[in-house]
Amino acid sequence: MELADIIIKFVLIVIIFAISLVVAMYSTYAERKVAAFFQDRIGPNRAGPWGILQPLADGGKMFLKEEIIPTNASAFLFIAGPSLAILTACIGSAVIPWGQHLTIGSHVIDLQVTDINVGVLYIFGVVSLGVYGVMIGGWASNNKYSLLGAIRAASQNISYEISMGLSIIALLMLTGTLSLREIAEQQHGFWSHGWFTWNVFRQPLGFLIFIVCAFAETNRTPFDLPECETELVGGYHTEYSSMKLGFYLFAEYINMFISSAVMATLYFGGYNFPFMHHLGLTENWVTILGVIALFAKIIFFIFFFMWVRWTIPRFRYDQLMDLGWKILIPLAIANIVLTGVIGTIFK
Amino acid sequence: MESLSNKKKLIESKPLNFWERAYLPAILSGLSITMKHFFRKPVTISYPEEKREFSENFRGMHSLKRDENGKERCTACGLCALSCPAEAITMIAAERQKGEEHLYREEKYAAVYEINMLRCIFCGLCEEACPKEAIYLDGDIVPADYLRKDFIYGKDKLVEAPLNQ
Ligand code: SF4
Ligand code: SF4
């Protein structure tokens, strides 16, 4: 690799990192605004015009809060928990293709940090690591509510990872590749050979299962049992304060961003948009519009996460497990069989 | 048992049918309901820029009245303090001196008159008790403050502004 390439990659990483943080930051603001609108309120509007400086004010508040480490907590793990949570949340973005490629002079820049051929598996690996942050934090707090929250998080994530994996298998049977870049390329444009190219139109059931599991994996309502206030005080982060609490909450929003990006890439065509090659634009412009299209999709999914949160009440824990094991897993397996049968017939 | 009031309603609890058990239709209808609210006009009133209209008998901050000649009406009889269920009122009485007739209507007046707004429950009993029609709760909402001592309102805040000055 040349030096120029290394520098380009480095810049790309920094940009993506910054974007994830900014998106997560403004998701906290958007969450409050969206919640307010759903409840016929106005929402935060005092910090800056329309309250757009609210995330900065929240961040500043988090930093200035008193830092508490409980006496009986194991200090090392107590700090390791949130650090791990935010770390795993951030590294997921490495394999997501944010756009095609830009040509600047003689350089062709791929808008993806790395195109590993097992991209989907990598995402899964990172997602399952995410539960360690919660687990370690909950255990290290030495508090029964935290521990219960952590156990819930762990068992919930493990159960839903299975159906998520199974729903992905059906998708992989169609795409025949694990590389996210290739999956995105296969969904080129919007319409070809008499059918939509986006995977959601070929795998509607798979997408449904995937999105339900995504809600469970990111611990969002209706599956936010690990931090269920009514039963567990604050769940796994009961004992946390100051920026460590901030990291946990922040990690949740980054996870939401990444899983929205994954859903957009796997099922909604990633950076592809309708008529992308009939507009008579140069390659670079198509790429830039593609990035905007991808972000529009991501923002829609983030909005959807919030929309669901302010609509549906929380599941009971046994309902959650029932849904995961007795409904989603059989459905996902049926989906695989169905995909196989239909694939064989139409080949 | 026979219902006497005729208000009894029989509630059927049928087992859920397939579509109800499938969650999704119910979730979709829920999502559409919340979406309707999303575009509705917010009901928020941005206090203090906007104010809601008070009802006619709203009881707000107290004011100590003056009579038509601009003299303070209160005679420091203490009936308001006595009637106050929250013990929010205290006062120190003083005798009117020669030359102060234009200031105080009666021979005795309140040199110090304090209401603790943190204790007051805005019941309006002081207003009802006053024989001199000297105190009315016709003001605005008592504003927020940082220190407890700043909620003890003295005559400087309570007495009406003097006439045409
Ligand atoms: S309004 Fe009621 S509580 Fe307040 S000062 Fe008057 S009598 Fe006391
Ligand atoms: S306000 Fe009325 S009741 Fe209270 S001391 Fe003055 S005259 Fe008496």
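Side notes on the structure shown:
- Selection count where residues are hydrophobic (A, V, I, L, M, F, W, C), open to solvent by less than 10 Å² (accessible area, probe 1.4 Å) and touching a Gly at 6+ places or on another chain (Cβ under 7 Å), scope the stretch A:154-187: 4
Yes/no matrix, rows are residues, columns are (1) open to solvent by 90 Å² or more (accessible area, probe 1.4 Å); (2) within 14 Å of chain A (Cβ to nearest Cβ):
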residue: B:Leu10; (1), (2): yes, no
residue: B:Ser29; (1), (2): no, yes
residue: B:Leu64; (1), (2): no, no
residue: B:Cys74; (1), (2): no, no
residue: B:Gln97; (1), (2): yes, no
residue: B:Tyr104; (1), (2): no, no
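- Among the residues of the stretch B:60-106, those identified as assigned to a loop (DSSP other than H, G, I, E, B) and more than 28 Å from the chain's Cα centre (by Cα) are B:Asn69, B:Arg96, B:Gln97, B:Lys98, B:Gly99, B:Glu100, B:Glu101, B:His102, B:Leu103, B:Arg105, B:Glu106.
- When A:Phe10, A:Phe37 are checked against the criterion of being part of a helix (DSSP H, G or I), within 14 Å of chain B (Cβ to nearest Cβ) and either without any contact (Cβ under 8 Å) to a residue 60 or more places away in the chain or touching a Leu at 6+ places or on another chain (Cβ under 6 Å) (or both), A:Phe37 stands alone in meeting it.
- Of the residues making up the stretch A:101-120, just one is among the acidic types (Asp, Glu) and in contact with a strand residue (DSSP E or B) (Cβ under 6 Å, 6 or more places away or on another chain), namely A:Asp110.
- Consider the stretch B:106-118 and keep the residues that are within 16 Å of B:Thr75 (Cβ to Cβ) and within 16 Å of ligand 1 (Cβ to nearest atom). The one that is most open to solvent (accessible area, probe 1.4 Å) is B:Val112.
- The stretch B:62-86 residues that are of a type in the set (Val, Ile, Thr), paired with ones that are within 7 Å of ligand 2 (Cβ to nearest atom) (beta carbon under 7 Å, 6 or more apart): B:Thr75/B:Lys132
- Hey, A:Ala57 in contact (Cβ under 8 Å) with a residue 60 or more places away in the chain and away from chain B (no Cβ under 14 Å) or not: no
- Close Cβ contacts (under 8 Å, 6 or more residues apart or on different chains) running from residues in the stretch B:19-38 that are within 11 Å of A:Trp310 (Cβ to Cβ) and polar (S, T, N, Q) to residues that are open to solvent by less than 60 Å² (accessible area, probe 1.4 Å) and part of a loop (DSSP other than H, G, I, E, B) comprise B:Thr34/A:Thr311.
- Selection over the stretch A:222-250 of residues that are closer than 22 Å to A:Val212 by Cα, out of contact with any helix residue (DSSP H, G or I) (no Cβ under 7 Å at 6 or more places or on another chain) and part of a helix (DSSP H, G or I) gives a count of 2.
- Number of residues in the stretch B:120-148 that are within 12 Å of ligand 1 (Cβ to nearest atom) and on the phi > 0 side of the Ramachandran plot equals 2.
- In the stretch B:132-149, residue nearest to the other protein chains (Cβ to nearest Cβ) [restricted to those that are exposed (fewer than 13 other Cβ atoms within 10 Å of the Cβ) and away from ligand 2 (no atom under 16 Å from the Cβ)]: B:Ala144
The values are calculated or read from the model by the stated rules, or taken from the named source; none is laboratory data. Predicted model only: the values in this text are computed from it and were never measured. Please note: Cβ atoms are built from the backbone with ideal geometry, for glycine as well, and neighbour counts cover all protein chains shown. Note: areas computed on protein heavy atoms with side chains; ligands, DNA, RNA excluded. Shrake-Rupley method; radii C 1.70, N 1.55, O 1.52, S 1.80 Å.
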